[in-house]
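**Student:** Take a look at the following structure, please.
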Amino acid sequence: MVEARCLLLLIICTHWIVAFSATDPVPPYVESYFDQTIDHFNFKSNGESTYRQRYLTQDKWWKKGVGPIFFYTGNEGDITDFWSATGFVHEFAPVAGALVVFAEHRYYGKSLPFGDKSFTDPFIGLLTVEQALADYAVLITSLKSSLNASSVPVICFGGSYGGMLSAYMRFKYPNIVTGSIAASAPIYMLDPSTDKSFFFNHVTYDFLEVSDNCVASIKAGFEAMDKLAQAGPQGLATLTSDFQLCSPLADSGPSYRHLLLWLRNAFTNLAMFDYPYPVDFLGFKVPAFPVKAACDAIFNSSDPVKGLAAAAGIFYDVHAHTPPCFNITADFVECADPTGCGTGPNALAWDYQACTEVRLPDGSNGQTDMFPPLPFTPEMRADYCRQRWGVVPRDQWAAVSFWGTKINASSNIVFSNGDLDPWYGGGVPRSLSDSLIAVLVKGGAHHLDLRGNNPLDPAGVIAARELEREYIYLWINGAMNL
């Protein structure tokens, strides 16, 4: 009977996806605010008891009081951005008769517990993964009560850090969450035993997949940059001109190093967003197959340095200024995440998390990757975090609180990882049981499977979504039969 229902569901889903094309507008949402407990683990904290947590809902397709709740565990940004980029949830909700809820992570977007003071001491101390998970658990419980839906199953969804949170919700609150789709979720990365050099190695692999000559040209470009940087004021002036910088490079030390970090960040994001169609996500616009586009730009340039500049221009918007130029200090802010924190208030929050619980990859080494040696050792991270936030990372704690690699006791989670995704090396690489499933998304970049259906989707992502839908249905069916 279960097999027959799964087959029927897949047929219905396939029909729906054909009707719900990638050009359809993203479904509208209702923006609401929940009076959320500000400190779930301390009855006396900071003199305030609640804050306004933002969440988005869509009940157009919900079978009220019966259908499941599809709950997106918001990550390090404004929740509206993730609503727009997570078409898989919106496409599946009508078939499942689900209520869609996207919850914003504390300290991001509009969910600032202490307003303008949120990023200052002592208030920043309440930005923890544990507090965010408790926020979601409390919100879900309250919604189920107020909507007279106490018995409906809850399926969590999330991508990247949000995917980690989706998995953690099932780890920590299996009494509340029925199952989770954890897309591009590098949860093994937080275990102290995991090698932290995987990220920039994989970025290099993505460019190698396009062309060996592309990687060779990138390395040649960085070598040429080094020679110019060491050539004195004339060389720095040449770099300023070749990269169309808004402000001249001041020196061959910190100023030049920042240029290298800015450039590495561009290649990093081109690899992460290496989708088969153009995207506009978190304020960045990239063309289809941006890794190939970057290689083409390099090959079509008159010299290696200008080639790197052309490749960076695919990610950064040179026309954001008049006259057109690159403002590398505004485009990239160095932080405790070598893969980039972004900019603005959200970047502050992520920087703090990277200094506390979220151990991110090391820097580039110039040996196993195509970038200049730009290390970020544990000692460098500890020094930075002590000076910036007055904290010292406790990496052993993550293995205790978030289980490290010892996750076999959990169940009902699908971990998906794209073979083009630089975060793949920190994810769950193989299935651990018949309810802890790992899916390799062939031809997929960063959480491509959570995006909406597109005619250009590779076969690997189509297959991954079908498998995810099948498991979601099994979890829902199992919960309804309890």
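**Student:** Just to check your reading of the model, which residue among Glu357, Glu379 is open to solvent by 10 Å² or more (accessible area, probe 1.4 Å) and in a helix (DSSP H, G or I)?
**Tutor:** Glu379
**Student:** Among the residues of the stretch 297-320, what is the count of those that are open to solvent by less than 60 Å² (accessible area, probe 1.4 Å) and either outside any helix (DSSP H, G or I) or without any contact (Cβ under 8 Å) to a residue 12 or more places away in the chain (or both)?
**Tutor:** Counting residues in the stretch 297-320 that are open to solvent by less than 60 Å² (accessible area, probe 1.4 Å) and either outside any helix (DSSP H, G or I) or without any contact (Cβ under 8 Å) to a residue 12 or more places away in the chain (or both) gives 3.
**Student:** Is it the case that some residue within the stretch 409-422 is in a helix (DSSP H, G or I), modelled with pLDDT of 95 or more and in contact with a His (Cβ under 8 Å, 6 or more places away or on another chain)?
**Tutor:** Scanning the stretch 409-422 turns up at least one residue that is in a helix (DSSP H, G or I), modelled with pLDDT of 95 or more and in contact with a His (Cβ under 8 Å, 6 or more places away or on another chain).
**Student:** Could you list, ordered by first residue, the pairs with Cβ atoms under 7 Å in which the first is in the stretch 382-396 and at positive phi and the second is part of a helix (DSSP H, G or I), at least 6 apart or interchain?
**Tutor:** Within 7 Å, no pair qualifies.
**Student:** Every residue in the stretch 239-255 that is open to solvent by 10 Å² or more (accessible area, probe 1.4 Å), within 16 Å of Phe332 (Cβ to Cβ) and not aliphatic (A, V, I, L, M), please.
**Tutor:** Those that are open to solvent by 10 Å² or more (accessible area, probe 1.4 Å), within 16 Å of Phe332 (Cβ to Cβ) and not aliphatic (A, V, I, L, M): Gln244, Cys246, Ser247, Pro254, Ser255.
**Student:** Any residue at all in the stretch 362-372 that's farther than 24 Å from Tyr205 by Cα, open to solvent by less than 50 Å² (accessible area, probe 1.4 Å) and not acidic (Asp, Glu)?
**Tutor:** no
**Student:** For the stretch 34-80, enumerate the residues that are more than 19 Å from Phe92 (Cα to Cα), in a loop (DSSP other than H, G, I, E, B) and among the aromatic types (Phe, Trp, Tyr).
**Tutor:** Correct list: Phe41, Phe43.
**Student:** Something else now. Within the stretch 5-36, which residues are at pLDDT 95 or above and open to solvent by 50 Å² or more (accessible area, probe 1.4 Å)?
**Tutor:** Tyr29, Val30, Glu31, Tyr33, Asp35
**Student:** Continuing with this model, one more query. Within the bounds of the stretch 458-471, is there any residue that is touching a residue at least 60 places away in the same chain (Cβ under 8 Å), out of contact with any strand residue (DSSP E or B) (no Cβ under 6 Å at 6 or more places or on another chain) and small (Gly, Ala, Ser)?
**Tutor:** The answer is no, given that none of the residues of the stretch 458-471 is touching a residue at least 60 places away in the same chain (Cβ under 8 Å), out of contact with any strand residue (DSSP E or B) (no Cβ under 6 Å at 6 or more places or on another chain) and small (Gly, Ala, Ser).
**Student:** Let me ask another. Against the condition in a helix (DSSP H, G or I), at pLDDT 95 or above, open to solvent by 30 Å² or more (accessible area, probe 1.4 Å) and among the hydrophobic types (A, V, I, L, M, F, W, C), how does Leu467 come out, does it pass?
**Tutor:** yes
**Student:** Here's a follow-up. Give just the number: which of (1) closer than 16 Å to Phe267 by Cβ; (2) under 14 Å from the mean Cα position of the chain (by Cα) does Phe332 not satisfy?
**Tutor:** Phe332 satisfies all of (1) closer than 16 Å to Phe267 by Cβ; (2) under 14 Å from the mean Cα position of the chain (by Cα) except (2).
**Student:** I'm trying to understand the selection: among the residues of the stretch 360-376, which are among the polar types (S, T, N, Q) and part of a loop (DSSP other than H, G, I, E, B)?
**Tutor:** Within the stretch 360-376, Asn365, Gln367, Thr368 meet the criteria.
**Student:** Now, a different point. Search the stretch 180-198 for residues that are more than 27 Å from Thr86 (Cβ to Cβ) and pair each with any residue that is of a type in the set (D, E, K, R) when their beta-carbon atoms are under 7 Å apart and the residues are at least 6 apart or on different chains.
**Tutor:** The qualifying pairs are Pro192/Asp395; Lys196/Asp362; Ser197/Asp362.
**Student:** Here are some residues: Ala409, Ala398. Which one is under 23 Å from the mean Cα position of the chain (by Cα), of a type in the set (Gly, Ala, Ser) and more than 21 Å from His258 (Cα to Cα)?
**Tutor:** From the options Ala409, Ala398, the qualifying one is Ala398.
**Student:** Also: Considering only residues of the stretch 180-238 that are within 30 Å of Ala398 (Cβ to Cβ) and among the acidic types (Asp, Glu), which is surrounded by the most Cβ atoms within 10 Å (Cβ to Cβ)?
**Tutor:** The selected residue is Asp206.
**Student:** Working only within the stretch 60-77, note down all residues that are out of contact with any His (no Cβ under 7 Å at 6 or more places or on another chain), open to solvent by less than 10 Å² (accessible area, probe 1.4 Å) and either at pLDDT below 95 or within 23 Å of Val279 (Cα to Cα) (or both).
**Tutor:** Hits for the stretch 60-77 are Tyr72, Thr73, Gly77.
**Student:** Return the residue satisfying two criteria in turn: it lies in the stretch 157-179 and is of a type in the set (Ser, Thr, Tyr) and closer than 15 Å to Ser410 by Cα, and of such residues it is most open to solvent (accessible area, probe 1.4 Å).
**Tutor:** Tyr173
**Student:** Here's something else I'd like to know. Can you pull out the residues in the stretch 78-121 that are at positive phi and buried (at least 24 other Cβ atoms within 10 Å of the Cβ)?
**Tutor:** Residue satisfying the conditions is Tyr107 alone.
The values are calculated or read from the model by the stated rules, or taken from the named source; none is laboratory data. For clarity, every value in this text was computed on a predicted model and none was experimentally measured. Counting neighbours? That spans all protein chains shown, and the Cβs are built from the backbone with ideal geometry, glycine included. The area values use the complete protein model at the heavy-atom level, side chains included, leaving out ligands, DNA and RNA. Shrake-Rupley method; radii C 1.70, N 1.55, O 1.52, S 1.80 Å.
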